[in-house]
Amino acid sequence: MMRLAARDRPLALLILALAAIGLLVLAGPVLIVLLTSFTTSQALRFPPPGLTLRWYAELFDATRSAQIHRAALNSLAVAACTAAIATALATAAALAISRSRATWARFAEGAFLAPLVLPGIAYGLATLMFFSWLRLPPSFLLLVAGHAIIATPFALRTVGASAAGLDPALLESSASLGASPWRTFRRVILPLILPGVAAGGFLSFVSSLDNVPVSLFLSSAGTDMLPIRLWGMMESALDVRVAAASGVLVAVAFLLLVVMDRAVGLVRRMAG
Amino acid sequence: MGEGAWKLAVPLGLAQFSFFLAPLLLLAATSFATDENFSQFSVQAWLDVLGDSFHLGAVLNTLRLGALAVLATMLLAVPLALLHMVAGPGLKKIILLAAVLPLLTSVVVRTFAWIVILGREGVINTALLSTGIVSSPVALLQTEPGLILALTQIEMPLMLLPLIAALARIDPSLLDASSALGASLFRTLRKVVLPLALPGLLAGATLVFASAATAFISQSVIGGGRLAYLPALVWQQAMVVFNWPLAAAMALTLMGSVLAVAAALSALARGAQA
């Protein structure tokens, strides 16, 4: 900590106060959702008048919440396929561009990261128009294709950061000892960049699970997705099961965060 | 990895070409089409977007929402990043967790949280009523201030994480040196910290602006129907009215404005580094 002169105290206090508000604003809503999910009230009253597990019971009821379960399974399946494809594409591309100083590599990196800043809603609409122009009906595979485009940049960033740290001498000595490129990849490169690959896989999985703009245009009755279903439940009649579903999602996110942070230092990777 | 390493970028290049570039080109073509076979073209959809005061108003609303979200997230994220810079390892970890956890919880969940907070019987109204500051509930849902408050939390990680990364590169002894030389805290922040933090600040601003301007779910659930923002209009024209040329022209307008702001901010960042 810096030592503060008396004249600096007001500014330091102001910064500290704003930081405290910032922390409260960041974490508060998550805690409020958790508490609300146990409410005995039919309305979203806060603080809840009493606590019950009723909404969780309704949420996990196989017949009454069948639509939510189907949407959740669809979302998980799409996210798993998306993560596998995005991570594979991003790992290969990262090995090609992260260590090259050539102009094409900088250009390719910029192009590969472009989906990050592009408004998702414009891209979602573009995929709908593109696939209907190709006369392709909405399907699981089209959702995966759209999600993978959005998810790949997340994987590319974490794998790229790992690949940039590879020592070229290691790769050269592996090759000069007669190892094939594939063997060099399996035995030398992959073990070294595995934390980045795992973090990338995780982030692309989460990006797909949370995707709204592509699912908004490409999901259909047969391929209902969880965020779209929950949005429908929030927009129409007030349904406290949304709170229970949110509670489950927060708990899963927290568990995954702790596990991934222990395994690959996820938090450090996300902070650049 | 020898000379042929570039080939490894080909699969992603092909995927982006077929599933990213091609759809965007078709989107652009659709905005000029008059029928689905692209037999004739017109600029009617563009005239409807850029020549109509309602649509133009929605464009400006959307840009203003993005700008206000950037300012609001900055107000809280900058102090939080400064605290992270000087904090001990325990507090550092707490700040990072608080920044990352919202990013991993679905945007639908974060939006839902703000319905609970801003509603008539929500956290804010309960607090205001019980302390006697107001005598009847204040309308916060379906208002722009309510939406900006919600976006401040929903988008803050996008501002906070690049800032923390930028400030982490500052050597703490620089700060001690600055104050030992008699500079006030304000002067140290302005002359030493700000120039080094600027790239992170501008990167965060770009991400927050792009995300807030296109946050369809938050805009439609918290902002409600009375506030017209581009993403909701795009969705309506595409999925309810089925006027695809107009939807495409509005989507491209949104895209153009976001990319223009991103380009301006990255030019600023380059200028600041030079």
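Of the listed requirements (1) within 10 Å of chain A (Cβ to nearest Cβ); (2) assigned to a loop (DSSP other than H, G, I, E, B), B:VAL258 misses just one: (2). Across segment A:1-57, the qualifying residues are those that are out of contact with any Leu (no Cβ under 7 Å at 6 or more places or on another chain) and of a type in the set (D, E, K, R), and the one among them that is farthest from A:ILE68 (Cα to Cα) is A:ARG7.
Is it the case that A:ALA221 is of a type in the set (A, V, I, L, M), away from chain B (no Cβ under 12 Å) and over 25 Å from A:PRO153 (Cβ atoms)? Steps first, please.
Values: of a type in the set (A, V, I, L, M): yes; away from chain B (no Cβ under 12 Å): yes; over 25 Å from A:PRO153 (Cβ atoms): yes.
Against the criterion (of a type in the set (A, V, I, L, M), away from chain B (no Cβ under 12 Å) and over 25 Å from A:PRO153 (Cβ atoms)), A:ALA221 qualifies.
At least 3 residues that are in contact with a Phe, Trp or Tyr (Cβ under 8 Å, 6 or more places away or on another chain) and facing another protein chain (nearest Cβ under 9 Å) in each: list the helices (runs of 4 or more DSSP H) lying fully within segment B:141-214 that qualify. Give the derivation first.
Working: elements: B:144-168, B:172-180, B:185-188, B:194-213.
Answer list for segment B:141-214: B:144-168.
Only one of the listed residues (A:SER139, A:SER98) is under 20 Å from A:ALA221 (Cα atoms), of a type in the set (Gly, Ala, Ser) and surrounded by fewer than 23 Cβ atoms within 10 Å (Cβ to Cβ). That residue is A:SER139.
Can you tell me which residue is surrounded by the most Cβ atoms within 10 Å (Cβ to Cβ) among those in segment B:19-39 that are assigned to a helix (DSSP H, G or I) and of a type in the set (Phe, Trp, Tyr)? Spell out the reasoning first.
We begin by selecting, within segment B:19-39, every residue assigned to a helix (DSSP H, G or I); these are B:19-31.
Now restrict to residues that are of a type in the set (Phe, Trp, Tyr): B:19-20.
On the way: B:PHE19: 19, B:PHE20: 25.
Filtering segment B:19-39 for residues that are assigned to a helix (DSSP H, G or I) and of a type in the set (Phe, Trp, Tyr), the one surrounded by the most Cβ atoms within 10 Å (Cβ to Cβ) comes out as B:PHE20.
Would you be able to say whether some residue in segment A:211-218 is outside any helix (DSSP H, G or I) and more than 7 Å from chain B (Cβ to nearest Cβ)? Talk me through it step by step, then tell me what you get.
Applying the first criterion (outside any helix (DSSP H, G or I)) to segment A:211-218 yields A:211-212.
In the following step, the residues that additionally are more than 7 Å from chain B (Cβ to nearest Cβ) were identified as A:211.
For segment A:211-218, residues outside any helix (DSSP H, G or I) and more than 7 Å from chain B (Cβ to nearest Cβ): present.
Would you be able to say whether some residue in segment B:219-234 is of a type in the set (A, V, I, L, M) and outside any helix (DSSP H, G or I)? Yes, segment B:219-234 contains a residue that is of a type in the set (A, V, I, L, M) and outside any helix (DSSP H, G or I).
Within segment A:233-242, the residues that satisfy the criterion of being within 7 Å of chain B (Cβ to nearest Cβ) and either surrounded by 24 or more Cβ atoms within 10 Å (Cβ to Cβ) or among the charged types (D, E, K, R) (or both) are A:GLU235, A:VAL242.
In segment B:218-244, the residues that are more than 19 Å from B:LEU50 (Cα to Cα) and more than 8 Å from every other protein chain (Cβ to nearest Cβ) form Cβ pairs under 7 Å with partners that are part of a helix (DSSP H, G or I) and small (Gly, Ala, Ser), at six or more places apart or across chains, as follows: B:SER218/B:ALA150; B:GLN219/B:ALA232; B:ILE222/B:GLY146; B:ILE222/B:ALA150.
Tell me, which residue of segment A:1-44 that is among the small types (Gly, Ala, Ser) and within 7 Å of another protein chain (Cβ to nearest Cβ) is surrounded by the most Cβ atoms within 10 Å (Cβ to Cβ)?
Within segment A:1-44, the subset among the small types (Gly, Ala, Ser) is A:5-6, A:12, A:17, A:19-20, A:22, A:27-28, A:37, A:41, A:43.
From what is left, the residues that are within 7 Å of another protein chain (Cβ to nearest Cβ) are A:12, A:19, A:22, A:27, A:43.
On the way: A:ALA12: 16, A:ALA19: 22, A:GLY22: 26, A:ALA27: 18, A:ALA43: 14.
The residue in question is A:GLY22.
Quick note: the coordinates plus some simple rules give every number you see, no bench work behind them. If you're wondering where the values come from, they're calculated on a predicted model, not measured in any experiment. Here Cβ is always computed from backbone atoms with ideal geometry, including for glycine, and neighbour counts include all displayed protein chains.
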